[in-house]
1. Suppose we filter 58, 71, 26, 66 for residues that are at pLDDT below 95, of a type outside the set (A, V, I, L, M, F, W, C) and either part of a helix (DSSP H, G or I) or buried (at least 18 other Cβ atoms within 10 Å of the Cβ) (or both); which single one remains?
2. When you scan the range 4-23, do you find a residue that is surrounded by 13 or more Cβ atoms within 10 Å (Cβ to Cβ) and free of Cβ contacts under 8 Å to residues at least 12 places away in the same chain, even just one?
3. Quick test of your reading of the structure: residue 159 fulfils all but one of (1) at pLDDT 90 or above; (2) touching a Ser or Thr at 6+ places or on another chain (Cβ under 9 Å). Name the failing condition by number.
4. What do you reckon, is residue 62 under 30 Å from residue 154 (Cβ atoms), acidic (Asp, Glu) and touching a residue at least 24 places away in the same chain (Cβ under 8 Å)?
5. When you look at residue 81, is it without any contact (Cβ under 8 Å) to a residue 60 or more places away in the chain, of a type outside the set (Asp, Glu) and surrounded by 18 or more Cβ atoms within 10 Å (Cβ to Cβ), yes or no?
6. Out of all the residues in the range 34-53, is one or more within 11 Å of the chain's Cα centre (by Cα) and without any contact (Cβ under 8 Å) to a residue 40 or more places away in the chain?
Amino acid sequence: MRGSAKRDAVVEAATRAFLTHGYEASSMDAIAADANVSKRTVYNHFPGKRELFQAVVSGLYEGFHSDGDQSLRHDQPPEQALPAFLRSLLVHMGRPEVRGLLRLVIAEHQRFPELSQIYLEGGKGQAYALLDDYIAAQHARGRLNAPDPHVAATQLMGGLKEVLFWPTMLGLPVTADPERVIAESVAALERAHGTVPVSGREGPTG
């Protein structure tokens, strides 16, 4: 295998190991064996387990690292751009490996608190960064009145996750219609941070 292929094999093996056995119980030796590479090869790419975990998180959130399908076009209004983004986000959060990653971080944060920061910076934060940037752009265009974009993004994501994501993490059924939840979440954002027409603009509506 070429260098990039070996690196990919190591990350894939590490993903399986971490999600199956946990962070502490996963050894670099076992990961190397599963990837069919030498331990030296693993360390050539990753100085330690922490860096390998960073690569795993980055790999699982790869779609949010660049202008992929999950990107938010700043020229599109919220009622058009946000539902599409939230649908793709729900598909992403529904992946078993993504849910498994969060369970791992929660289970091991007492012994390895750095995992939470890695997850926030390399995983969850990527999705929020896209949303923050989009809301900031809409504020600049006058489509939204959101001087603190991250607060608005957190409100939007919080309502969505509370209804559609956290029940699945707890093994509970989701009875709400995702499309209805998405529509209501976007409408709530626009009510809270919308603006009135220019001719009568005095501040946020609602």
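1. On inspection, the qualifying residue turns out to be 58.
2. Yes: one or more hits.
3. Going through the list (1) at pLDDT 90 or above; (2) touching a Ser or Thr at 6+ places or on another chain (Cβ under 9 Å), residue 159 breaks only (1).
4. Working: under 30 Å from residue 154 (Cβ atoms): yes; acidic (Asp, Glu): yes; touching a residue at least 24 places away in the same chain (Cβ under 8 Å): no.
Considered against the rule, which asks whether it is under 30 Å from residue 154 (Cβ atoms), acidic (Asp, Glu) and touching a residue at least 24 places away in the same chain (Cβ under 8 Å), residue 62 comes out as no.
5. On the way: without any contact (Cβ under 8 Å) to a residue 60 or more places away in the chain: yes; of a type outside the set (Asp, Glu): yes; surrounded by 18 or more Cβ atoms within 10 Å (Cβ to Cβ): yes.
Judged against the criteria, residue 81 is a match.
6. Pass one, the range 34-53, residues within 11 Å of the chain's Cα centre (by Cα): none.
The answer is no; no qualifying residue exists.
So that you can scan it fast, the table gives a plain yes or no per residue for (1) open to solvent by 20 Å² or more (accessible area, probe 1.4 Å); (2) touching a helix residue (DSSP H, G or I) at 6+ places or on another chain (Cβ under 6 Å); (3) within 19 Å of residue 83 (Cα to Cα); (4) of a type in the set (Asp, Glu):
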| position | (1), (2), (3), (4) |
| --- | --- |
| 110 | yes, no, no, no |
| 119 | yes, yes, no, no |
| 123 | no, yes, no, no |
| 131 | no, yes, yes, no |
| 143 | yes, no, yes, no |
| 153 | no, yes, yes, no |
| 156 | no, yes, yes, no |
| 159 | yes, yes, yes, no |
| 177 | yes, no, yes, yes |
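The values are calculated or read from the model by the stated rules, or taken from the named source; none is laboratory data. Since this is a predicted model, take the numbers as computed values, not measurements. Counting neighbours? That spans all protein chains shown, and the Cβs are built from the backbone with ideal geometry, glycine included. Note: accessible area is taken over every heavy atom of the protein model, side chains too, but ligands, DNA and RNA are not part of it. Shrake-Rupley method; radii C 1.70, N 1.55, O 1.52, S 1.80 Å.
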